[in-house]
Every structure is written in C-alpha cells, then in structure tokens.
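The values are calculated or read from the model by the stated rules, or taken from the named source; none is laboratory data. Since the model is a prediction, treat every value here as computed from it, not as a measurement. When we count neighbours, we look across all protein chains shown, and the Cβ atoms used for this are built from the backbone with ideal geometry, even at glycine.
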Amino acid sequence: MKLPIKRYWSLLQTYLRPQRRRMLTLGILLMLKIASRLVNPQIVRDFLDQAMTGAPTPQLLRHGALFLAIAAATQVLTVISVTVGETVAWTATNALRLDLLRHCLGLDMTFHKVHQPGELTERIDTDVDALSNFFSSFVVSVIGNSILAVGVLALFFRQGWQYGTVFTLYAITGLLILMRLRNLVTPHWTKLHEIRAQFYGFLGEQFTGTEDIRANGAQGYVMHRLYEHLRRWLPINRNASLAGYSGWMTNAALVAAGEALSYALPGYFYFRGELTIGEVYMIGTYMGLLFGQIAELRWQITDLQHAEAGIERIRALFEMRPRLTDGAGGPLPEGALSVTLDRVSFAYDDTPEEEATTPDDRVLHNLSFELSPGRILGLLGRTGSGKTTLARLLLRLYDPTEGQIRLGDVPLTETTIGDIRRRVALVTQEVQIFQASVRDNLALFDPNVSDAAITQVLDQLGLGEWLTGLPGGLDTELGSGGTGLSAGQAQLLAFARVFLADPDLVILDEASSRLDPATELLVERAVGLLLAERTGIIIAHRLPTVERADEILILEGGRIREKGDRVPLATDPTSYFYHLLETGMQDVLT
C-alpha cells in the first residue's frame, strides 16, 4: 500500500515546524519509554532464573526494586509525553483552523453562495479535530513503535534465529494485512465526513430561518428534508461502522494468533530443555509487546483513516481559489471618489468558469454612467431590477461579466480588494450584530479605534442616552443577531460602524425601509452627516430618502430607464421620475 507521504509531510512541516522543541522533547520521552519497556523483561528474566536456582534474597530484592523503579519512571514519562503531545496537537490544530477560516473569508461570494455555513463549520471544526492525534503523536508514535518492534525482533534473533524468523514473519504479515485494510476503509470514512457536513449545513440553514419556517407553517417540509438527510446518512454510517468493525476483528484475530504463537513456540523449546522459565517469560512478554505494537498501530491506522478523510477535504478547501484577484496598480485617490460604469453587464454565475453565461442570464445590461466626486445618486427601480447587484459590483464582491467599473478613474481590477473595502462602505437593512461587546461590534474588533471616537459617534447619531443606560457601557455584551435591540437601534449601530470606518463612497441599500417614522428621522439625520463631503449612492423606495440626491438613476430589467439631475427630472412632466412622484413611489417601485 502506498501512503500519501508527501501530502502528509507537507501538512506536518507547516504546522509542526514552529514546535520543533516540543517535538524533540516528545521524541526523547518516547525513546526513554522504549528503552524501559525493552529492559524490564530482561530484569524479570534474571529474577525468575535466579529465584529458580536459589539466589540470595537481597539479590532478588535488588532486581525487584530496579523493576519497580523503571516501571514507575515509565508511568511518569507517559504522563509527561501525553501532556506535551496534547499541547502540540492543540497548537497545531488551532493554527490550522485559523488558516482555514482566513482562507474561507478570502473566497468570493460565488463560493459562499454554494457552501452553507454549517458545512464550512464541519470542515473547520470536525475535520481539523480529526487531525489532533495525527499532529500530536502520529509520526512520533509510528517511528517509536517501529523502533520498539525492531528492538524486540533483534532480541528475538539474539535469543535464537528460529524465534527471530517466526516472529518477524508474523509481524510483517500482520502489518501488510492492516495496511491493506486501510485502503478498503478510508473511502467509507470520507463519505461519512461528506454526509455529516451536508447535514450540519442543512441544520444551520433551518435554524437561521426558524422564524419564517414557523410563520409559514413549513415545519412538515423541514421534517421531511431532515428525514431525507438521515435516510442518506444511515447506509453510509453503517458501511463505515462495518468497515471499522472489520478492522477491529482483524486486529483481534492477529492478536489471538500472536498469543497462541507466543505460548506454543517457547513452550515447545522449554519442554525440550532449551529454554529456562525466565526466558520463556521474556519471550512471551516481548511477543506481547510486539503484537501490542501491532494493535496500537491498528488504532493509529484508524486515526489515520479519519485524518486522511479530513486531510483530503481540507486540501480541497485550500485548493479553492477566489475568482477575484488583486490588481497590480496603486491605491485609489484620496478624497471623495468618482464612480464610472463603462458598458457594464453582469450575470450571477455559480457554474465553472469555462461555462459561459448567455445574455438571457444577465442581471445588468450594458450600463454606462458617471457620478462625480461628492455627488449623491438616488438609485431607483423595482425589486429585481439590479440595484443591489450594482452595489455588490462597486464593493467588488463580484466582477462584471463585461465592461469596466472605475472608482476615482482607477479600474477596480487594477487596485487591491482591501483598498476598495476600506474606501467603500455599504449599509443595508439587514444588520449583522455579533455576540460581542458594543465596542467590538462598532469597531469590528479593531483595537486601534478609541472609546472616545465610539462615544462621539454614538452621541452624533442620537444613541448617547442609550449607551448611558447600558449596564456595562461599551463593555456591554450584545446578543447574536441583535437580541435585545430594536430594528432602529441596530440600524443606527450599522451607521456608527460606517462613521468609524470613514469611507469615501457610501452606498445605502434601502437602509431605512423597515424603520418607524421616529427612528427614520434619526437615520435621515445620520445619513445627512454621513454623506457630507462624500460620494453617495442611495438605493431607496421612499421619497424622503432620495430628496437629498443630486442625481437620479432608474433601473428597469437591469437597464437604465432614466438618468439625470433630480430637480429637472422632478419638474419635467415627460420624465419617468416625475411619473413616480405623481403616482407614489412606494407603490410603483415595489
């Protein structure tokens, strides 16, 4: 059987190299344990043979004391090695988790649309957890057990060539059988990991939509899907369990054969007078060590089966690359940014890159317009007209299928994504509140944002009194999803984040569409402060929100229906914007 050594070794090098000293300590501890396990049977052999020949009691007591001292030292070494090994495992797996999470966050929206959070959680947590023993002791244990087995076989040959030959053949046969078994079992564990990830992805999706599921009476549908997942899981889990059980039974059969051999062979030579009782004991003990190592190897192979399935899935995740890549150009210019769309078309494409989209798939069609620095654009259109898609393109969550977008006359593909996200801010009606302090929710865990800056922004937005009423001030813990906050408070906190980020282009995507009139007044005042000396794009349904816009752009079916300065359009009876104002924008655009 061929082990994928190169892939394993690459993973080990990456996450164990920073822990060279601990690994060296672990190796030394293991060698000392091996030495003690090889020496003690020799001491017992001498003790038994001397006792049979009537050796003095003090001499026997010295042998007994030496045996007990080595046995106690072995237990101490075991405790220390387990402690060091667990430290190595946790350090390595946590580093791997961080790298996986960082990699997933760096993948674009095309990836996240087709991979549910529960599935990614299963990969980052469960798959990595399966590597814990692989990192902590697998290589060291395999090497150590191999050295111990070689030492035992060498002592067998020292005792007699017949013992060495028989037990070497036994060890090789057992090892080959176990390695062959691994090839048969690993695919079942891989399938089990996959179905488990799909199941947890399904659960995460259902828990997120609990409110809508209950409101629409969809519990029966959810239970039906749950049953389908479990029905697919059952045969895969059964096959994996049977494969694992077959390995356990094979191991048990090998151990039984080894025990029979360890009793039969020395017994035969003992009754022929060629072995002493101490030598019989020593051979039996060494044989126990030998098939004990094979048994331990069996468990290590089981761990490897779990680890290999995890490694394959982790490797596949690491090999995924974002379709969006940083450009080689310089940063965006300072100050308010101009916005230019040059014949931009776009289609959401979750298929492989080589499968081109057709014009019928496009959400946006040949859009061209310019917005000067510091100007505010009111973006209108029915649901599905492409307004939110346009906002995503400006943040470079996606790239246009055709055409070019420029900020500050710099093509988005020629600057870095990080610079774009620092200079462009998006506020939507769906606000993500983390289970963290008020400070961390507003500063987004950036320690460089001062408490004074946060307090000043909250005062500006009319949340100063709310902050004063919190039991822990900025240290007050907020619930995940905004538990305990009104929709208006959550929305104002989202505005506070943008104030602290200080962007140069602000996109408001229907940010006040679900607020009560009183809170909407606070938000409108916040919008006025936020858009001062910045370029703004306001995606809105309500008339008061677009009254501050300098220009109006109306999308219909992903195409520009009308664009121009707001005031002339509002007073021109032939314009579509005038028609919207006359008929009631809320009714026409939704």
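Some notes on this structure:
- Some residue of the stretch 501-508 being at positive phi, in the same structural domain as ARG525 (by TED's automatic domain parsing) and of a type outside the set (Lys, Arg): yes
- The stretch 559-574 residues that are closer than 18 Å to GLU547 by Cα, paired with ones that are small (Gly, Ala, Ser) (beta carbon under 6 Å, 6 or more apart): ARG566/ALA549; LEU569/SER575
- Output for the stretch 555-575, where each listed residue is closer than 16 Å to SER345 by Cα and part of a strand (DSSP E or B): LEU555, GLU556, ARG559, ILE560, ARG561
- Filtered residues of the stretch 245-269 (kept if touching a residue at least 60 places away in the same chain (Cβ under 8 Å), under 18 Å from GLU296 (Cβ atoms) and surrounded by fewer than 18 Cβ atoms within 10 Å (Cβ to Cβ)): THR250, ALA257
- Restricting the stretch 30-74 to residues that are within 27 Å of GLN293 (Cα to Cα) and of a type in the set (S, T, N, Q), the residue that is surrounded by the fewest Cβ atoms within 10 Å (Cβ to Cβ): GLN42
- Whether a residue is among the hydroxyl-bearing types (Ser, Thr, Tyr) and within 16 Å of GLU312 (Cα to Cα) was assessed, and THR93 passes this test.
- When the test is whether a residue is modelled with pLDDT under 90, part of a loop (DSSP other than H, G, I, E, B) and outside the structural domain of ARG548 (by TED's automatic domain parsing), LEU397 does not pass it.
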